[in-house]
1. Considering only residues of region 68-122 that are hydroxyl-bearing (Ser, Thr, Tyr) and not in a helix (DSSP H, G or I), which is farthest from residue 53 (Cα to Cα)?
2. Which condition does residue 170 not pass, out of (1) free of Cβ contacts under 8 Å to residues at least 40 places away in the same chain; (2) more than 18 Å from residue 105 (Cα to Cα); (3) surrounded by fewer than 19 Cβ atoms within 10 Å (Cβ to Cβ); (4) not acidic (Asp, Glu), if it passes all the others?
3. Pick from 182, 194: which is at pLDDT 95 or above, over 24 Å from residue 127 (Cα atoms) and part of a helix (DSSP H, G or I)?
4. Looking only at region 102-122, decide whether some residue is within 23 Å of residue 81 (Cβ to Cβ), of a type in the set (S, T, N, Q) and surrounded by 15 or more Cβ atoms within 10 Å (Cβ to Cβ).
5. Which pairs do you get when a residue that is touching a residue at least 60 places away in the same chain (Cβ under 8 Å), found in region 76-105, comes within reach of a residue that is among the polar types (S, T, N, Q) and assigned to a helix (DSSP H, G or I), reach meaning Cβ atoms under 7 angstrom, with the pair 6+ apart or on two chains?
6. As an exercise: evaluate residue 196 against (1) under 18 Å from residue 162 (Cβ atoms); (2) surrounded by fewer than 19 Cβ atoms within 10 Å (Cβ to Cβ); (3) of a type in the set (A, V, I, L, M, F, W, C) and give the number of the one condition it does not meet.
7. Among the candidates 33, 17, 28, 11, single out the residue that is on the phi > 0 side of the Ramachandran plot, at pLDDT below 90 and of a type outside the set (Asp, Glu).
8. Taking residue 115, is it in contact (Cβ under 8 Å) with a residue 40 or more places away in the chain, within 23 Å of residue 88 (Cα to Cα) and of a type in the set (Val, Ile, Thr)?
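The values are calculated or read from the model by the stated rules, or taken from the named source; none is laboratory data. This one's a predicted model, so the numbers in the text were calculated from it and none came from an experiment. Cβ: placed from backbone, ideal geometry, glycine included. Neighbour counts: every protein chain shown.
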Amino acid sequence: MRRLLLVLAAGNLLAAGNLPLEVTDARGKKPAGVTVEAGEPNADGWRALRVSKSKGDYFVIWPWDVAAKGPDGPGDVPVIVMQRGDRKALENPRAVAAMATPVVLGAKSVEDEAVATGFSEAELSQAFGTLIRAEDSFAKGVGLLRAGRNAEAAEELGKALRERQRQLTRVPSEIWAAAMLDGRALMAAAKYDDAAVAYLVALKLRPSDESAQTARAEALMKAGKAEAAAAESR
């Protein structure tokens, strides 16, 4: 009877469309009393994430655009939450990279991110600057891109993207972010053909995403492939 109830419960979770989430806080620990929920899927199957329950002022900082889609196999979607103004977040490269990502992608200004996270612009800028010394390729690439060291950033972010693509279970939100960042670094390094390929990776994950569509079209145009850009825009 107990086994039957467990099977039914699992079926209800599947029917509800719940995502398997691995939630950690900005210190890299599992936060007590924090629940993250996913909304209804959009046209591309992505769901908006939000903190629905917490003992403090917690919010999602990763995925950076608070959107996720189920992995293509067994495994969880990494989610980072933080309590507004938690200074320990500034010491965690993963958390700092999460906060820096929307800034280097041009989705937010440092001022916007400072208001959202509860830090000063100076504190965030200083923390972003430490990422160039990170051991993790993704975090280091974000830091190098922020520093304008575009060719080096493209190398690190390309490595991070390949690592995510080679996982036995691929997580769309992890690949999406790496692809968009790699594309931006490659564009800044004037490697337009390679940038177009990176943006195609992102676009295949989110066919309806306007930012990916625009970025790929721009890369194709600068690569001298106006016809291809026009064909994809139809």
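1. Here the residue is 109.
2. (1)
3. 194
4. yes
5. 77/173
6. (2)
7. After applying the criteria, what remains is 17.
8. Taking the combined requirement at face value, the residue does not satisfy it.
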